[in-house]
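**Student:** Before I ask anything, here is the structure I am working with.
The values are calculated or read from the model by the stated rules, or taken from the named source; none is laboratory data. From a predicted model like this one, the values you see are computed outputs, not experimental measurements. Neighbour counts run over all protein chains shown; Cβ positions are idealised from the backbone, glycine included.
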Amino acid sequence: MGVRSPKENILKKIRQALVNPVPLPFPESEGNQPFFHTSEEDLSILFAKQFSSLEGKFKFANNQQELIEQFYQLLEHKAWKKIYCKEPKLLPLLNALNITPFDNLADCDVSITSCKNLVARTGSIVLSSEQEMGRTASVYAPIHICIAFTNQVVFDLQDVFSSIKSNHNSHLPSLITFASGPSRTADIEKTLVTGVHGPKEVYCFLVED
């Protein structure tokens, strides 16, 4: 019987280990359990707190009519005229206020998008490639406004991915983006600056569904 090479010895040990595997000392560390426990606080309230802590501007509307009224008040207060919006389901909101969507993203005052979900634990807005110009409009406009509904609020990122998988099967969106408040950087002398690489203000209107 010839002498085994070091490679053969290693493979033999691997085969033996696979026959009698050692039990995991910490089975819960393998991702079977959620890392963050679901909050007992209402998810919409938790999102509002987290989103506001990230310098986001949060507004709640009990219904569509209240959304229209609050949206009109904001536009009047800010004097925004060039409203960029490409999503068909959001156009009725502009039509109700007799607003003609502005067609040039590079020169608009504000952009409006819907979203995939809102993540309560992190205060994040989830956007995907399913929204027409959703990713682009949320980044390149100086102001971003997101319109969402209470049934879109989930607790954590794991809930977002589970929802996407269950709704799309194997045809996942080509792009999923998480936006947490205005853009910010501390590259300049370690001083935090907002609005450098994206919108300087982000608003979220959450509508009771």
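**Student:** Considering region 76-111 alone, what residues qualify as being closer than 14 Å to Cys146 by Cα and among the aliphatic types (A, V, I, L, M)?
**Tutor:** Ile83, Leu90, Leu91, Leu93, Leu94, Val110
**Student:** Additional query: Name every residue in region 142-151 that is surrounded by 21 or more Cβ atoms within 10 Å (Cβ to Cβ) and either out of contact with any Asp or Glu (no Cβ under 8 Å at 6 or more places or on another chain) or farther than 17 Å from Leu90 by Cα (or both), in order of residue number.
**Tutor:** Once the filter is applied, which keeps residues that are surrounded by 21 or more Cβ atoms within 10 Å (Cβ to Cβ) and either out of contact with any Asp or Glu (no Cβ under 8 Å at 6 or more places or on another chain) or farther than 17 Å from Leu90 by Cα (or both), region 142-151 yields Ile145, Cys146, Ile147, Ala148.
**Student:** Going by the conditions given, is Ser162 at pLDDT below 95 and within 20 Å of Ser53 (Cα to Cα)?
**Tutor:** Numbers: at pLDDT below 95: yes; within 20 Å of Ser53 (Cα to Cα): no.
Spelling it out, it is not the case that Ser162 is at pLDDT below 95 and within 20 Å of Ser53 (Cα to Cα).
**Student:** Within region 69-138, considering only strands (runs of 3 or more DSSP E) that don't extend past its boundaries, which have at least 2 residues that are more than 14 Å from the chain's Cα centre (by Cα) and buried (at least 19 other Cβ atoms within 10 Å of the Cβ)? Steps first, answer last, please.
**Tutor:** On the way: elements: 110-113, 117-119, 124-128.
Where strands (runs of 3 or more DSSP E) fall fully within region 69-138 and carry at least 2 residues being more than 14 Å from the chain's Cα centre (by Cα) and buried (at least 19 other Cβ atoms within 10 Å of the Cβ), they are 110-113.
**Student:** Sort out which residues of region 173-207 are at pLDDT below 80 and basic (Lys, Arg), and write them in order of number.
**Tutor:** Within region 173-207, Arg184, Lys190 qualify.
**Student:** What pairs come out if I take residues in region 151-165 that are outside any helix (DSSP H, G or I) and pair them with residues that are aromatic (Phe, Trp, Tyr) and surrounded by fewer than 17 Cβ atoms within 10 Å (Cβ to Cβ) whose C-beta lies under 7 Å away, six or more apart or interchain?
**Tutor:** Partner pairs satisfying both residue conditions: Asp156/Phe36.
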